[in-house]
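One structure is given here, and the rest of the page talks about it.
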């Protein structure tokens, strides 16, 4: 489902937030976490990246047009596992600006959350 | 609209231009033995260079995320920030404590700016 007010389109709005918001040819994705939170860091990252692919597709764009990504991870020592999934997924010709920091996330078993901005 | 990626590596690009916007990647200091204030100064010099390469400058920064290894060092970061930021053009900014890439990384800053 999506709603549109003037130049802003909001995808999957719920009580708290929208999964994706489009404005002026730019798409802002909400922080994505894995559906399977019992998985390890690499599998959670793969899960998150699949969800990002799906949201980007819903907005008519794809990973080659990601401009910026902010990665929050529960444990900095697991960054190599996140990067392994990221490297297998990212469009090598079109890497975004990115930052990664450790932060406490929504639940104790959430290991990674990623927020992206992309061009349409 | 075309996307221009500066210094692309396997994981990330240091800076990405799209239309009127410039996204600079999370930036840390090379001299990690320096204290938070000097690390911030080095980061801000790097951000100046990234913005210049993308046809922008610090007067056009829209938003900044600042992550500090120790929120107790915020005054040091702010001292460097205040000496650098354009007094007539301050961006929206957030500053929180987070664990960063290495224990001696005291600060990381990510900015979004306009080009025109």
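Remarks
- Filtered residue count, segment B:65-77, keeping only those that are crowded, with 17+ Cβ neighbours inside 10 Å and more than 21 Å from residue A:70 (Cβ to Cβ): 2
- Of all residues in segment A:80-101, those satisfying the criterion of being under 16 Å from the mean Cα position of the chain (by Cα) and buried (at least 18 other Cβ atoms within 10 Å of the Cβ) are A:82, A:83, A:85, A:86, A:90, A:95, A:96, A:97, A:98, A:99, A:100, A:101.
- Check on residue A:114, within 14 Å of chain B (Cβ to nearest Cβ) and either out of contact with any strand residue (DSSP E or B) (no Cβ under 8 Å at 6 or more places or on another chain) or touching a residue at least 60 places away in the same chain (Cβ under 8 Å) (or both): yes
- Scanning segment B:93-107 for residues that are within 15 Å of the chain's Cα centre (by Cα) and more than 17 Å from residue A:112 (Cβ to Cβ) gives B:93, B:94, B:95, B:96, B:105, B:106, B:107.
- Whenever a residue of segment A:83-111 is touching a residue at least 40 places away in the same chain (Cβ under 8 Å) and within 7 Å of another protein chain (Cβ to nearest Cβ), it has no partner that is crowded, with 21+ Cβ neighbours inside 10 Å and in a loop (DSSP other than H, G, I, E, B) lying with C-beta atoms less than 7 angstrom away and at least six residues away or across chains.
- In segment B:5-19, the count of residues that are out of contact with any helix residue (DSSP H, G or I) (no Cβ under 7 Å at 6 or more places or on another chain), away from chain A (no Cβ under 14 Å) and surrounded by fewer than 17 Cβ atoms within 10 Å (Cβ to Cβ) is zero.
To keep it simple, each residue is scored yes or no on (1) within 14 Å of residue B:24 (Cβ to Cβ); (2) within 11 Å of chain A (Cβ to nearest Cβ).
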position: B:58; (1), (2): yes, no
position: B:71; (1), (2): no, no
position: B:76; (1), (2): no, no
position: B:82; (1), (2): no, no
position: B:101; (1), (2): no, yes
position: B:109; (1), (2): yes, yes
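Every read-out reported here was derived from the displayed coordinates using simple, explicitly stated rules and does not represent laboratory data. A quick note: this is a predicted structure, and the numbers were derived from the prediction, not measured. When we count neighbours, we look across all protein chains shown, and the Cβ atoms used for this are built from the backbone with ideal geometry, even at glycine.
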